[in-house]
1. For region 1-83, list the helices (runs of 4 or more DSSP H) that sit wholly inside it and hold at least 1 residues that are over 15 Å from the mean Cα position of the chain (by Cα); which are they?
2. Name the pairs whose Cβ atoms lie under 9 Å apart, with the first residue in region 77-88 and assigned by TED's automatic domain parsing to the domain that holds Arg49 and on the phi > 0 side of the Ramachandran plot, the second surrounded by fewer than 20 Cβ atoms within 10 Å (Cβ to Cβ) and outside any helix (DSSP H, G or I), and 6 or more positions between them or separate chains?
3. Mind telling me which of the residues Ile33, Ile41 ends up being of a type in the set (A, V, I, L, M, F, W, C) and either at pLDDT below 85 or within 18 Å of Tyr94 (Cα to Cα) (or both)?
4. What do you reckon, is Cys68 surrounded by 13 or more Cβ atoms within 10 Å (Cβ to Cβ), touching a Pro at 6+ places or on another chain (Cβ under 9 Å), of a type in the set (A, V, I, L, M, F, W, C) and modelled with pLDDT under 90?
Amino acid sequence: MSTRVNTDLKKEMKLFGLDEWNECFNCGNCTAICSLTEKGILFPRKEIRAIQMGLKNKLSSSVEPWLCYYCGECSETCPRDANPGELMMVVRRYLTKIYDWTGLAGLFYSSKLALFIGFLLVLIAVIAVGYVKGFETEALMEFGHLFEQYVI
C-alpha cells in the first residue's frame, strides 16, 4: 500500500494557526501525560508526526484530534514548547475546513475579515429579530433561562 506525501500540508496548516510545527522532536512527554493515550496509540505524537511528514490522508482519516479536549497538560510538559494542545486545535480547524461542504468554516478560520463580516451579519440578524419581535423583558428572560444549566 502506497502513501501519498503532501508537501503543501504545512503551508495549508499555517492558515489555521500552525506556527512552529518543527519544534517537536518526538520526546514522548505529551504522550506520557495525555489521559487519552492507550496501549498502542501514540496520541498526540501520531498527529504531529503526520503533519511533519505531510501525510494528509492519514491525518484526515484519524479520529484522535476530535477526542482531545485541550486540557493543556501536554503543552505544559513539553520541553521544547511545541504546544501540542494548540496543534490539536489547528488540526481540528483544518479538518473542519476539509469536511465542511459550505466552505464557510475554512473561510472563517483563515480570514479575519470574513470572521468580522460573519460576526456583523449575526449581530444584525439578532437585532432585526429583536426589533421585529420587540425587546420584551419576558421573552428575553425566557431566552436567558435556556443557559441556566451552564452557570456554575
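The values are calculated or read from the model by the stated rules, or taken from the named source; none is laboratory data. All figures in this text were calculated on a predicted structure; none of them were measured in a lab. Don't worry about glycine lacking a Cβ; one is built from the backbone with ideal geometry, like all the others, and counts go over all protein chains shown.
1. Numbers: elements: 9-14, 29-33, 45-53, 56-60, 64-67, 73-77.
The qualifying helices (runs of 4 or more DSSP H) are 9-14, 29-33, 45-53, 56-60, 73-77.
2. Pairs that qualify, where the first residue is assigned by TED's automatic domain parsing to the domain that holds Arg49 and on the phi > 0 side of the Ramachandran plot and the partner is surrounded by fewer than 20 Cβ atoms within 10 Å (Cβ to Cβ) and outside any helix (DSSP H, G or I), are Asp81/Glu20; Asn83/Asp19; Asn83/Glu20.
3. Details: Ile33 fails: either at pLDDT below 85 or within 18 Å of Tyr94 (Cα to Cα) (or both).
Of the residues listed, the single one that is of a type in the set (A, V, I, L, M, F, W, C) and either at pLDDT below 85 or within 18 Å of Tyr94 (Cα to Cα) (or both) is Ile41.
4. Working: surrounded by 13 or more Cβ atoms within 10 Å (Cβ to Cβ): yes; touching a Pro at 6+ places or on another chain (Cβ under 9 Å): yes; of a type in the set (A, V, I, L, M, F, W, C): yes; modelled with pLDDT under 90: yes.
In short, yes.
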